[in-house]
Amino acid sequence: MSPLPLSLAFAVALAASLLVKFWLSSRQVRHVAAHRGQVPAAFAGSVTLAAHQKAADYTIARSRFGLLALAFNSAVLLGWTLLGGLNLLNGWVLDASLALPGGWQAMGYQLGLVAAFMLIGALLELPWELWSTFRIEQAFGFNRTTLRLFIADMFKGLLVSALLGLPILALILWLMGAAGPRWWLWAWAAWMGFNLLVMVVYPSVIAPLFNKFEPLTDAALKERVEALMTRCGFAAKGLFVMDGSRRSAHGNAYFSGFGPAKRVVFFDTLLVKLNGAEVEAVLAHELGHFKHHHITKRIALMFAMSLAGFALLGWLMQLPAFYLGLGVVPNLDAPNDALALMLFLLAGPVFGFFVTPLASHFSRRDEFQADAYARAQASGADLSSALLKLHEDNAGTLTPDPVYARFYYSHPPAAERLAALAS
């Protein structure tokens, strides 16, 4: 197999995805700007013109920033692959690994290659994260993160990633080299086991490294929430309030954990914005996802897609054209497992981008189902009121471009969602 077809396919897919993304974002900016001057009729009595215009300006600012980041990230991806960046990094790390003791060279080289790649990627991404947090979020009054907290979070994230990521990476790389032709099946089982373990330990071990979680102390709200959970046949390990206000003014509520380790978590900013009935309705929506088995289905889909991905990688990594077609010369005297894994993770999202609208469609369907469940178990009017407050709190635009929304939105646009709740 010649490497040229893969190079062409990758280049065409990258160019096509880039053009589609620019086209969609441009549509979004134009549509939101064109409707900035007037609150939609459906929201005229509940949303002020100032709030509507703030949401429009915020959406436009983030969209324009996203276009710049998209161009930069596409150039970086092209640099890593077809322009030979990963091949160059591989040569440097391979030469450096020769200084390691003989028994450690192969694994040390592979772990070092992935670590170097991830560190460079993080450094390239850092200016964009800083600008997003301290310029855009700051300009619209959402950022509450200090530079000191930002840096602390960054180093904590790197430490957690190393402590969790390096062992599972080492195990997968070892399986790739030692488990025979069906290594991908064993690696998939290890990866899924690791993900399930993280779901269990995240609420009590990982999340508290970044935020404070305190038991819900509002007696009236706690009674209301527990009554709802009893009606819905749902049990959780606890009700907690998270200090989201340390970093952002955005509000949210979510379930964390897996199996018996599930927790209900409210952002403190959410509890300030919503009354008890509205909080109950938002929680009922989240319970609707569990009632309709959306979480289980998504985990099952993740299992299936991961299995297909590992199987595809198992086939591709045997083909020299896979490496050469993506700008890398495979090693002759060292394992290529880490190289293959990184190339797959770089190229996969480019081709996978084109199924985004399908994933968005099914996600919006799930949201409608969860809303219907919340309306039955709590109050549709309270959920509508809460959604409007959250849209204003998060500066979500009420006038997205329809094509953009169909392609990207995992949640239905506000107008469609509120109309469904009122029907």
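A few comments on the model shown:
- Semi-axis lengths (Å, descending) of the ellipsoid that matches the C-alpha gyration tensor of segment 147-193: 32, 9, 6
- Taken one residue at a time, the phi angles of segment 330-346 give Karplus couplings (6.51, -1.76, 1.60, θ = phi - 60°) of x, 5, 9, 10, 8, x, 9, 4, 5, 4, 4, 4, 5, 4, 5, 6, 6 Hz. Gly and Pro are set to x.
- Potential lengthening between residue 163 and residue 189 on full extension [0.36 nm per residue; Cα-Cα distance subtracted]: 7.4 nm
- Largest first, the extents of the alpha carbon coordinates of segment 333-423 on the three principal axes equal 67, 29, 24 Å.
- Structure remark: mean-square fluctuation, Gaussian network model of the chain, C-alpha springs under 10 Å; the largest value among 78, 163, 307 belongs to 163.
- Taking the helices alone, the chain has a mean residue ellipticity at 222 nm of -23000 deg cm²/dmol, built from -39,500 (n - 2.57) per DSSP H run of at least 4 residues and averaged over all its residues.
- Per-residue extension of 0.36 nm, minus the Cα-Cα distance of residue 303 and residue 356, leaves a gain of 17.3 nm for this segment.
- Relative contact order, percent, the chain [alpha-carbon distance under 8 Å, six or more residues apart]: 25
- Normalised convex hull volume, segment 98-197, alpha-carbon set, Å³ per residue: 145
- Estimated distance in nm for a label pair at residue 318 and residue 419, the labels positioned 7 Å out from Cα along Cα-to-Cβ: 5.3
- 10 Å binning of all Cα-Cα separations within segment 179-302, expressed as whole percents from 0 upward: 11, 39, 32, 11, 5, 1
- Convex hull projection area averaged over all views, the chain, Cα basis, nm²: 21.6
- Average 1/r across all pairs of distinct alpha carbons in segment 1-132, invert it, and you get the Kirkwood radius: 18.7 Å.
- In this entry, segment 257-378 is assigned a mean projected area of 11.2 nm², taken as a quarter of its C-alpha convex hull surface.
Read-outs throughout are calculated quantities, based only on the coordinates presented, and are distinct from any laboratory measurement. Just so we're clear, the structure is a prediction, and the values are computed from it rather than from any experiment. Neighbour counts run over all protein chains shown; Cβ positions are idealised from the backbone, glycine included.
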